[in-house]
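Structure record follows, encoded as structure tokens.
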Amino acid sequence: MESASSNRTIQDEVGSDRQDSLWDLSYVKSSLDTITQLNDIDSLNDPEDLPFKSKYAAREHLEELRKRLKTLIESQFSEAPVSSHSEEASPPTSCDDTADVSPENINLELDISMLNMSHNNTQADDVLKSSTGTKTCVVSNFDRLEIFLRYIEGKLGLNYVECEETSSGEEHLSQALKSLTSKYDFTSPSAVHVYKFLLNQLGILHATRRSTEKAADALHKAEKVYDIYKANHSEAPSFPTDLLASFKGTSDENNESSKWMLFESEHTQTLFYLAQVYQKSNDSAKASHYCQLTLRRQLQMKKYDPVEWALNAATLSQYYMLEREFSLARHCLASSMKIFEELGAVDKNLEEGSLYSKSIDIKRCWVKYGLELLEVSWIRLLAEDGEDGSTTANTGEDEKNADFFDLELTKYELWMPSKYLLDFDQARSVFLKVQELIVEAKEMYGIDSFCSDYVELIQDHSRAFKNLSVFEANSERRSKMHKRRADMLEEVTAELNPQFYLLVWRQLVYETAEVYSAMVDCKADIMSELNQRPSQQAVTKLNSLCQKSIHKYLEYIGSLKTPEGTLPEPLPPGDERPVLVAWFCVARLYYKMIMPGMSQQIECVQKTLLYYKLVVDSCDKNSGYAQLMEAELPVCREMVNLLPVKLNKMIAQMQSGFE
């Protein structure tokens, strides 16, 4: 009896023409085609007052498809034999009699001990032994149909989410997953793809709700489902539509290779959304890890949008750059340019410049890379950290891992080095490339149309000169570099209306003050190098630069004052240290000025004391300020104690007629 049952097809079991028609599932493919058309194409043209018109129509088809499948299952399989060991009628709940991966373990609301194991874990391997040994997970046509039904329920849940009915969407997705886990092993080739799909969609749903912990939990479960399946199976997992291949009116649409490709694509989605989740959680390390995995898989599978891929790779470079893993950062940037080059996006007229503008954005990432490399290099040199420069900017370990995209990148990797810069010539080569890219970007981002971008480019250009100047030993040439900075900053500041660009305007004014102060130091160094009394021209230039720097610092402080002309107490968040440092620098600048008469010199010292005292008094009133000025405050206190003594001597000297 059991043997006879195992040799019959499902159509034999139904046993009549009327019942045979129920097994014709050709309507499934046509329904899915219609749903795809409504979701992906027609919905793009929905009117503004009915934004989900096509998706609602797709929902009706999904509801009808679910209803017909449930009716078929309930009416026909309720009498299906359950004792047979054949594929068509095998029990759906286990892989073998001795090893069972409890399907409940994957339930989002339960402790999934199985998925918390590494796929290399001995216990996990033992549990899954039946999948890799002589026995295999066998499912019946009943199982395939029911698993496909859970897929349709998941698609229905996704439809609700896309129509901004997230609560209903979560309910459908969760119920589909619970129904699946109540019967089926997640390592089954027939069920694993649907498990991945449902977990991915729940993860995405939680991410859109900013429930990052729930999102990460669901997506990590999807990740582990993939890892465990790949470690224990050589058979390609079935794509949901292939589950119906045994039924009339359907066929197995995907070969072994295609099934693997679809499964790998689903896993790429898992990694992509894990990157998004960790980015929203401000976990840059994990976000970059999953972003890199996603980009690499997209390249390997040749399934990516070139523009999007290039921009994501350039963005990833910024993380590695800030971590001082310059080899990895450069590899990402060079890969980005390589993909863009293949797209032919170097033509300014291509697609009315839209692609060209994106290539400029990637080049701006190169600018940031060059600036960071310059800055980190001179900081390292000043700290005398290392001698030979033979290692990469981090530990050297990233050098051997800097080819994870497996592309020929020599052309672009020659743009800039990935190791510390050791002298002026090396720094100058990076500076010139950075300057070239900035000039090109400024052609794209004019001040009239892209004010914020243009200002940022000017600030980057200024920063490039600043970083290069540290490598320059000659004080006169160093001063000229700062003069270039001052000119470009003054020019763009004059173009901005503080009423509309107040924050940016303040940044520019403050940086200009710092530039003039740096020029004062250069002039002072030149005077000391001469080893003789400075000329009147040199003194006049020094005093002029001091006055310009003081004016800019006070202009910045004035922009923070209330209509009554006083600074708010406490100072605005983020402006506390800049204001205190500005006072400190003003005091220092007054002290550096060389005046022709004693009375004028006394006036400068009095102002020096005034501004040092402002810093000390503010820090005494607010302990938080003292922490912000930990390095400068001791100097201020010392000067506040010493300057009154000096002033008294100067006044006495002037009064005794020795002016």
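The values are calculated or read from the model by the stated rules, or taken from the named source; none is laboratory data. No experiment lies behind these values; they were computed from the predicted model shown. Glycine also receives a Cβ, built like all others from the backbone with ideal geometry; neighbour counts cover every protein chain displayed. Accessible surface areas use protein heavy atoms only, side chains included; no ligands, DNA or RNA. Shrake-Rupley method; radii C 1.70, N 1.55, O 1.52, S 1.80 Å.
Do we have any residue at all in region 495-505 that's in a helix (DSSP H, G or I), under 29 Å from Val367 (Cβ atoms) and out of contact with any Ser or Thr (no Cβ under 9 Å at 6 or more places or on another chain)?
Kept after step one, since they are in a helix (DSSP H, G or I), are these residues of region 495-505: 495, 502-505.
Right, trim to under 29 Å from Val367 (Cβ atoms) and you get 495, 502-505.
Right, trim to out of contact with any Ser or Thr (no Cβ under 9 Å at 6 or more places or on another chain) and you get 495, 503.
Yes, some residue in region 495-505 is in a helix (DSSP H, G or I), under 29 Å from Val367 (Cβ atoms) and out of contact with any Ser or Thr (no Cβ under 9 Å at 6 or more places or on another chain).
I want to confirm something. Restricting to region 553-564 and keeping residues that are open to solvent by 40 Å² or more (accessible area, probe 1.4 Å) and of a type outside the set (D, E, K, R), which single residue is nearest to Tyr510 (Cα to Cα)?
Within region 553-564, the first condition is being open to solvent by 40 Å² or more (accessible area, probe 1.4 Å), and the residues that meet it are 554-555, 561-564.
The next check asks that each one be of a type outside the set (D, E, K, R); those that pass are 554, 562-563.
Numbers: Leu554: 9, Thr562: 19, Pro563: 21 Å.
So the residue we want is Leu554.
Suppose the filter is over 22 Å from Arg428 (Cβ atoms) and open to solvent by less than 50 Å² (accessible area, probe 1.4 Å); does Val539 pass it?
Criteria met by Val539.
Just the residues that are within 26 Å of the chain's Cα centre (by Cα) and in a loop (DSSP other than H, G, I, E, B), please, taken from region 164-208. Before the answer, list the steps.
Filtering region 164-208 for residues within 26 Å of the chain's Cα centre (by Cα) gives 164, 166, 196-208.
Scanning region 164-208 gives a single hit, Glu164.
So if I check each of Val434, Val430, which one is in a helix (DSSP H, G or I), within 21 Å of Asp487 (Cα to Cα) and in contact (Cβ under 8 Å) with a residue 12 or more places away in the chain?
Values: Val430 fails: within 21 Å of Asp487 (Cα to Cα).
Every option except Val434 fails the conditions.
To keep it simple, each residue is scored yes or no on (1) closer than 28 Å to Leu502 by Cα; (2) crowded, with 19+ Cβ neighbours inside 10 Å.
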{"position": "Leu589", "(1), (2)": "yes, yes"}
{"position": "Lys613", "(1), (2)": "no, no"}
{"position": "Ser623", "(1), (2)": "no, no"}
{"position": "Ala626", "(1), (2)": "yes, no"}
{"position": "Pro634", "(1), (2)": "no, no"}
{"position": "Pro644", "(1), (2)": "no, no"}
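Quick one: what pairs do we get from region 329-354, first residue at pLDDT below 80, second aromatic (Phe, Trp, Tyr) and in a helix (DSSP H, G or I), C-beta under 6 Å, 6+ apart or different chains?
Lys348/Tyr356
What single numbered condition from (1) touching a residue at least 12 places away in the same chain (Cβ under 8 Å); (2) under 33 Å from the mean Cα position of the chain (by Cα) fails to hold for Glu213?
Unmet for Glu213, out of (1) touching a residue at least 12 places away in the same chain (Cβ under 8 Å); (2) under 33 Å from the mean Cα position of the chain (by Cα): (1).
Hey, can you tell me all the residues within region 154-180 that are acidic (Asp, Glu) and within 24 Å of Leu50 (Cα to Cα)?
Here is the first cut: in region 154-180, the ones acidic (Asp, Glu) are 162, 164-165, 170-171.
Result: Glu162, Glu164, Glu165, Glu170.
In region 454-483, which residues are under 21 Å from Cys365 (Cβ atoms), touching a residue at least 12 places away in the same chain (Cβ under 8 Å) and either open to solvent by 20 Å² or more (accessible area, probe 1.4 Å) or outside any helix (DSSP H, G or I) (or both)? It would help to see each step written out before you state the result.
Narrowing region 454-483 to residues under 21 Å from Cys365 (Cβ atoms): 454-468.
Next cut, touching a residue at least 12 places away in the same chain (Cβ under 8 Å) only: 454-455, 457-468.
Result: Tyr454, Gln459, Arg463, Lys466.
Pairs only if they're at least six apart or on different chains, beta carbon under 8 angstrom, first in region 521-536 and in contact (Cβ under 8 Å) with a residue 12 or more places away in the chain and assigned to a loop (DSSP other than H, G, I, E, B), second of a type in the set (A, V, I, L, M, F, W, C) and open to solvent by 40 Å² or more (accessible area, probe 1.4 Å); list them, first residue then second.
Pro534/Ile594
Among all residue pairs at least 6 apart or on different chains, which show Cβ distances below 6 Å where the first residue, located in region 584-600, is over 12 Å from Tyr553 (Cα atoms) and touching a residue at least 60 places away in the same chain (Cβ under 8 Å) and the second is part of a loop (DSSP other than H, G, I, E, B) and open to solvent by 20 Å² or more (accessible area, probe 1.4 Å)?
From residues that are over 12 Å from Tyr553 (Cα atoms) and touching a residue at least 60 places away in the same chain (Cβ under 8 Å), the pairs are Met598/Glu659.
Could you tell me whether region 393-416 includes any residue that is touching a strand residue (DSSP E or B) at 6+ places or on another chain (Cβ under 9 Å), modelled with pLDDT under 90 and outside any helix (DSSP H, G or I)?
As a first pass, look at region 393-416 and keep what is touching a strand residue (DSSP E or B) at 6+ places or on another chain (Cβ under 9 Å): 393, 398-399, 402.
Then keep just the ones that are modelled with pLDDT under 90; that gives 393, 398-399, 402.
Remaining after also requiring outside any helix (DSSP H, G or I): 393, 402.
Yes: region 393-416 contains one or more residues that are touching a strand residue (DSSP E or B) at 6+ places or on another chain (Cβ under 9 Å), modelled with pLDDT under 90 and outside any helix (DSSP H, G or I).
Select, from Glu213, Glu162, the only residue that is within 19 Å of Ala287 (Cβ to Cβ) and open to solvent by 10 Å² or more (accessible area, probe 1.4 Å). If you could, list the steps in order and put the result at the bottom.
On the way: Glu162 fails: within 19 Å of Ala287 (Cβ to Cβ).
That would be Glu213, the only listed residue that is within 19 Å of Ala287 (Cβ to Cβ) and open to solvent by 10 Å² or more (accessible area, probe 1.4 Å).
From the list Val520, Val492, Val509, which residue is at pLDDT 95 or above, farther than 22 Å from Ile447 by Cα and among the β-branched types (Val, Ile, Thr)?
None of the other options fit; the residue is Val520.
Among the candidates Leu219, Leu243, which residue alone is open to solvent by less than 30 Å² (accessible area, probe 1.4 Å), in contact (Cβ under 8 Å) with a residue 60 or more places away in the chain and under 24 Å from Ser190 (Cβ atoms)?
Working: Leu219 fails: in contact (Cβ under 8 Å) with a residue 60 or more places away in the chain.
The match here is Leu243.
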